[in-house]
């Protein structure tokens with residue numbers, strides 16, 4: 001399954017849609033504006049919350065918690081590394097590795113590909129193609145990609 005995130009260029013706070021290969025809107029994401037730490041909600045088109053992401057404050061390295069149906073399913077932790085970035089997805093057993101500044105990375109579990117992300121060039125605003133392997137639930141995979149995007153955004157703003 002291929003999904004596309006097009007981040008809107010002129011928005012206050014985080015708000016963007018996720019599209020399928022045909023250009024149809026499948027999901028949308030809204031961030032809370034006046035909060036401490038990043039908080040994102042992934043919604044169905046009907047407005048049902050599919051995932052909630054919350055940044056853990058006051059940690060040495062960035063940490064985010066992912067909740068589905070009110071239950072924490074994963075904690076995404078940026079690992080300490082000197083020359084590259086790497087993330088662990090505790091609770092799901094996933095690792096995320098690649099070139100994050102160019103939005104070109106993979107999500108893997110024990111050497112098995114879960115999803116890959118590649119930046120779409122020459123678009124108005126940032127656009128990313130997310131390829132999720134058949135049989136993988138897209139909601140946790142999307143939530144992990146949203147966390148990585150939040151980490152990249154935080155790095156770029158510092």
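The values are calculated or read from the model by the stated rules, or taken from the named source; none is laboratory data. These figures come from a predicted structure and were not determined experimentally. Note that each Cβ is placed from the backbone with ideal geometry, even for glycine, and that neighbours are counted across all protein chains shown.
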Answer residue from region 78-91, given it is surrounded by fewer than 20 Cβ atoms within 10 Å (Cβ to Cβ) and under 23 Å from residue 42 (Cα atoms) and is modelled with the lowest pLDDT among those: 88
Only residues that are free of Cβ contacts under 8 Å to residues at least 60 places away in the same chain, within 11 Å of residue 15 (Cα to Cα) and under 13 Å from the mean Cα position of the chain (by Cα): list them for region 25-59, please. 28, 30, 31, 41
Looking for something surrounded by fewer than 17 Cβ atoms within 10 Å (Cβ to Cβ), at pLDDT 90 or above and over 26 Å from residue 120 (Cβ atoms) - is there at least one such residue anywhere in region 6-25? no
Those residues of region 126-148 which are assigned to a helix (DSSP H, G or I) and farther than 19 Å from residue 15 by Cβ, in sequence order: 138, 140, 141, 144
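Per-residue answers, yes or no, for (1) farther than 19 Å from residue 21 by Cα; (2) crowded, with 22+ Cβ neighbours inside 10 Å; (3) modelled with pLDDT under 95:
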site	(1), (2), (3)
111	yes, no, yes
117	no, yes, yes
122	no, no, yes
125	no, no, yes
129	no, no, yes
146	no, yes, yes
152	yes, no, yes
155	yes, no, yes
